[in-house]
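Data block below; observations after.
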Amino acid sequence: MDKDKGKRMITDISNATITLTGDTTFDHSSDPVKKPIHYNQGDIECIDAIRAMTKNMGGTSAYMSGNVMKYVWRHEYKGGLEDLEKAQVYLGWLIDNYKEIHK
């Protein structure tokens, strides 16, 4: 199937005009890099919760715990079951790491 079938191709853009409709202001509250919507549900951002949770943790434990929280936090808004499965994998690694440290 030809994905470009029926589309007009513009090769000379020197006279092209782009018309913007509706509100063209940038909504900084949902910046996809600094404040993605899937991490900003409720009154606290996910990164702030992760920072609070991992403040006194060591490197590997903090990293794995943060990922568990991140994937659980966003699963309803982004990755669904896949995010929950990722959280489960990180939780397993966190448990293994804990057992190794506390032999």
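The values are calculated or read from the model by the stated rules, or taken from the named source; none is laboratory data. Bear in mind the structure is a predicted one, so any value in this text is a computation, not a measurement. Because the Cβ atoms are built from the backbone with ideal geometry, glycine has one as well, and the counts that use them run over all protein chains shown.
Any residue at all in the stretch 41-55 that is surrounded by 17 or more Cβ atoms within 10 Å (Cβ to Cβ), assigned to a helix (DSSP H, G or I), of a type in the set (Ser, Thr, Tyr) and in contact with a Gly (Cβ under 8 Å, 6 or more places away or on another chain)? Yes, the conditions are met somewhere in the stretch 41-55.
Would you confirm, using the coordinates I've provided, whether Asn67 is crowded, with 16+ Cβ neighbours inside 10 Å and at pLDDT below 85?
Working: crowded, with 16+ Cβ neighbours inside 10 Å: yes; at pLDDT below 85: no.
No: the conditions fail for Asn67.
Test Gly58 against the stated conditions and say whether it is modelled with pLDDT under 95 and on the phi > 0 side of the Ramachandran plot. Can you show your working first?
Numbers: modelled with pLDDT under 95: yes; on the phi > 0 side of the Ramachandran plot: no.
Against the criterion (modelled with pLDDT under 95 and on the phi > 0 side of the Ramachandran plot), Gly58 does not qualify.
Within the stretch 70-93, if we keep just the residues that are surrounded by fewer than 18 Cβ atoms within 10 Å (Cβ to Cβ) and aliphatic (A, V, I, L, M), the residue that is nearest to Glu45 (Cα to Cα) turns out to be Val72.
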